[in-house]
1. Looking at the structure I just gave you, is Ile338 part of a loop (DSSP other than H, G, I, E, B) and within 16 Å of ligand 1 (Cβ to nearest atom)?
2. What number of residues within the range 315-326 satisfy the criterion of being touching a strand residue (DSSP E or B) at 6+ places or on another chain (Cβ under 9 Å) and either over 23 Å from Arg236 (Cα atoms) or surrounded by fewer than 19 Cβ atoms within 10 Å (Cβ to Cβ) (or both)?
3. Out of all the residues in the range 337-362, which are in contact with a Phe, Trp or Tyr (Cβ under 8 Å, 6 or more places away or on another chain), within 14 Å of ligand 2 (Cβ to nearest atom) and farther than 18 Å from Thr233 by Cβ?
4. Out of the range 94-119, which residues are part of a loop (DSSP other than H, G, I, E, B), among the polar types (S, T, N, Q) and touching a residue at least 40 places away in the same chain (Cβ under 8 Å)?
5. Within the range 122-138, which residues are out of contact with any helix residue (DSSP H, G or I) (no Cβ under 7 Å at 6 or more places or on another chain), in a helix (DSSP H, G or I) and of a type outside the set (A, V, I, L, M)?
6. Taking Ile73, is it among the β-branched types (Val, Ile, Thr), outside any loop (DSSP other than H, G, I, E, B) and under 18 Å from Glu265 (Cβ atoms)?
7. Go through the range 297-324 and count every residue that is in a loop (DSSP other than H, G, I, E, B), within 16 Å of ligand 1 (Cβ to nearest atom) and either in contact (Cβ under 8 Å) with a residue 40 or more places away in the chain or β-branched (Val, Ile, Thr) (or both).
8. Under 18 Å from the mean Cα position of the chain (by Cα) and either in a loop (DSSP other than H, G, I, E, B) or within 16 Å of ligand 2 (Cβ to nearest atom) (or both): is that true of Cys327 in this structure?
Amino acid sequence: MKVFSAPQKVTLNITNRCNLNCLYCAVSSTKNAPGDLTLAEWKAVVDELARIKVFHLLISGGEPLVRSDFGAILKHILQLPFRISINTNGTRIDNDYVLLLAETNRLDNIQISLDGPNAKIHDYIRGHGSFASMMQGIQLLQQYNIPFSFFVVVCRNNLKYLKQIVLFSKKVGATQIAFCNLLPQGSAIEHFKDLNLSFGEQKEAEAELRRLKKLYPDLVGGSLVQTIEWMNTISRAPASEHTPEIANKITSCGGSISECSIRPEGWVIPCDRLWDCKVGSVREDSFQSIWLHSEGFRNFRTRYSRRLDSFKECKNCIYTGVCKGGCPAIPYHLGKGIDGWDPLSCYKVFSGQKKLSLLEYQ
Ligand code: SF4
Ligand code: SF4
């Protein structure tokens, strides 16, 4: 398969440490995780990414702002011609960082993790006081007119509060809310049974998000909403009219094709949702050599030449002409491997022709 000389976007997970202890941290961050690349090592990685013309850097973690040299990393990145985004829990945003961010015109987004519209719901997941600290960070961003969005994992804790989350986001001036599903990944594994939505609850969430998307089209988004919209498109098109150019192909995942991530200790991975799929280390090899030549990426990319109906679940399905195959991280975390079928992107499951929750598929 032909690959671009560099990905368009790379996520830099600059630390595995975090000041919070959330019930569903996808990367199992802790307060003392050792082994992060040093400032000098991150600078060298960033220089190479600029040299090979990566367009967009997403700075993430753990919580990136717990690094005492976060400002130095950010300054270095801002000297180079990247567009940037930052993922944060919002509790460590301070004046110095806000001043740096207010001066650049290359910041696309600060995405803050939000679990509920008030301290009670939010802190249940993130720990006492985290809502109040996040609100202080938001006030600083508001003061300097720095745009920010929210990232919301939909689960049992907040299922009944989706509307309030949207109204809260509107009130504080967020530009968007990215809603997504909970996955049994990292520390979420331990709490998955309690927090994961049943089939009926998933349908309830989808119906509510569809309604909210109609009311607040610019604000409501994210992978869960994109899936709902795509499924609505499928439902309107008769199977016979499905687009032949994507017929029977797996085309939905950009991991290892247009984007990838680097873990705090330098491991390169296809995507943050595939945290343990290490394909090489920037401590041992250049990033570009890993991108172009690693066996791990080569194997991962074979997924794209696979036919959709080679999944046993998709055999004889009339939607193979429009279905895009979903996210490999879902079957991976359900114990079916990277080459498995993704029930969260299946139109038959979405439309209720097949009744299945993630727990039942595990
Ligand atoms: S693994 Fe899933 S989340 Fe990651 S890029 Fe692919 S489709 Fe997207
Ligand atoms: S709708 Fe479901 S069964 Fe049909 S092709 Fe898509 S994923 Fe496979």
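1. In short, yes.
2. Quick first cut of the range 315-326, residues touching a strand residue (DSSP E or B) at 6+ places or on another chain (Cβ under 9 Å) only: 320, 324-325.
This time we only want the ones that are either over 23 Å from Arg236 (Cα atoms) or surrounded by fewer than 19 Cβ atoms within 10 Å (Cβ to Cβ) (or both), so: 324.
So the count comes out to 1.
3. Matches in the range 337-362: Gly340, Trp341, Pro343, Lys355, Leu356.
4. If we filter the range 94-119 for residues that are part of a loop (DSSP other than H, G, I, E, B), which is where we start, we get 94, 104-106, 114-118.
Still in the running and among the polar types (S, T, N, Q): 104-105, 118.
Within the range 94-119, Asn118 is the sole residue that qualifies.
5. Selection gives Tyr124, Arg126, Ser133, Gln136, Gly137.
6. yes
7. Of the range 297-324, the ones in a loop (DSSP other than H, G, I, E, B) are 306, 311, 315-324.
After this cut, where a residue has to be within 16 Å of ligand 1 (Cβ to nearest atom) as well, the list is 306, 311, 323-324.
The next check asks that each one be either in contact (Cβ under 8 Å) with a residue 40 or more places away in the chain or β-branched (Val, Ile, Thr) (or both); those that pass are 306, 323-324.
Total satisfying the criteria: 3.
8. Values: under 18 Å from the mean Cα position of the chain (by Cα): yes; either in a loop (DSSP other than H, G, I, E, B) or within 16 Å of ligand 2 (Cβ to nearest atom) (or both): yes.
The answer is yes for Cys327.
The values are calculated or read from the model by the stated rules, or taken from the named source; none is laboratory data. Predicted model only: the values in this text are computed from it and were never measured. Note that each Cβ is placed from the backbone with ideal geometry, even for glycine, and that neighbours are counted across all protein chains shown.
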